[in-house]
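Input: a single structure, listed below in structure tokens.
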Amino acid sequence: MTTSTTARRLAAAALTAAALAGAATVPATAADHRPHRPDVQITRVQYDSPGREDRSNRSLNAEWVQITNNTRRPINLSGWTLTGRDHRTYTFHHYRLAGRATVRVHTGIGHDTRTDLYQDRRNYAWDNHIDTATLRNDRGRVIDTASWGYRNHR
């Protein structure tokens, strides 16, 4: 093998390596254009309790807000709040949402578990026609909102 053949092969290998390195950065650039999914978000709201709305605990607990942790790590929600348009506020106390987990915050009275929390209210928290659920962290920063009704802003 001659020196010029070796030089050509080395140059070709260097160009191939550079092309592969450049191609590896394309997915990261493409990923920048995807919508950002927050670490914690409101993923569903059951604002209109199914069946008769008779203010029974069963009916109150059929009204809920579902919150999902989209990360792999647990997130401490202690001090976070969930608020409606009427400024009624539920505050999370001593609750850690596991990674890739979901919790439902029910309106009525119940025993808190890893997957279900209860506001212990005796009246409905969410308006059936128009409302906004706002999730804030322990510093008061808005993390996510979910709106419904004729002025739906979600």
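The values are calculated or read from the model by the stated rules, or taken from the named source; none is laboratory data. Bear in mind that the values here come from a model prediction, so they are computed numbers and not experimental data. When we count neighbours, we look across all protein chains shown, and the Cβ atoms used for this are built from the backbone with ideal geometry, even at glycine. Each accessible area value is taken on the protein alone, full model and side chains, heavy atoms only, with ligands, DNA and RNA left out. Shrake-Rupley method; radii C 1.70, N 1.55, O 1.52, S 1.80 Å.
Key figures for this structure:
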item: The lone exception for A125 - which of (1) touching a strand residue (DSSP E or B) at 6+ places or on another chain (Cβ under 7 Å); (2) buried (at least 16 other Cβ atoms within 10 Å of the Cβ) it fails; result: (1)
item: For R154: the one exception among (1) modelled with pLDDT of 95 or more; (2) surrounded by fewer than 14 Cβ atoms within 10 Å (Cβ to Cβ); (3) within 14 Å of the chain's Cα centre (by Cα); result: (1)
item: Members of the range 49-73 that are open to solvent by less than 70 Å² (accessible area, probe 1.4 Å), under 19 Å from the mean Cα position of the chain (by Cα) and over 25 Å from G149 (Cβ atoms); result: N69, N70, T71
item: Residue check for E53: acidic (D, E) and modelled with pLDDT under 95; result: yes
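Residue-by-condition table, conditions (1) within 17 Å of the chain's Cα centre (by Cα); (2) open to solvent by 40 Å² or more (accessible area, probe 1.4 Å); (3) in contact (Cβ under 8 Å) with a residue 40 or more places away in the chain:
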site: R85; (1), (2), (3): no, yes, yes
site: R88; (1), (2), (3): no, yes, no
site: H93; (1), (2), (3): no, yes, no
site: R96; (1), (2), (3): yes, yes, no
site: R104; (1), (2), (3): yes, yes, yes
site: D112; (1), (2), (3): no, yes, no
site: L117; (1), (2), (3): yes, no, no
site: A133; (1), (2), (3): yes, no, yes
site: D144; (1), (2), (3): yes, no, yes
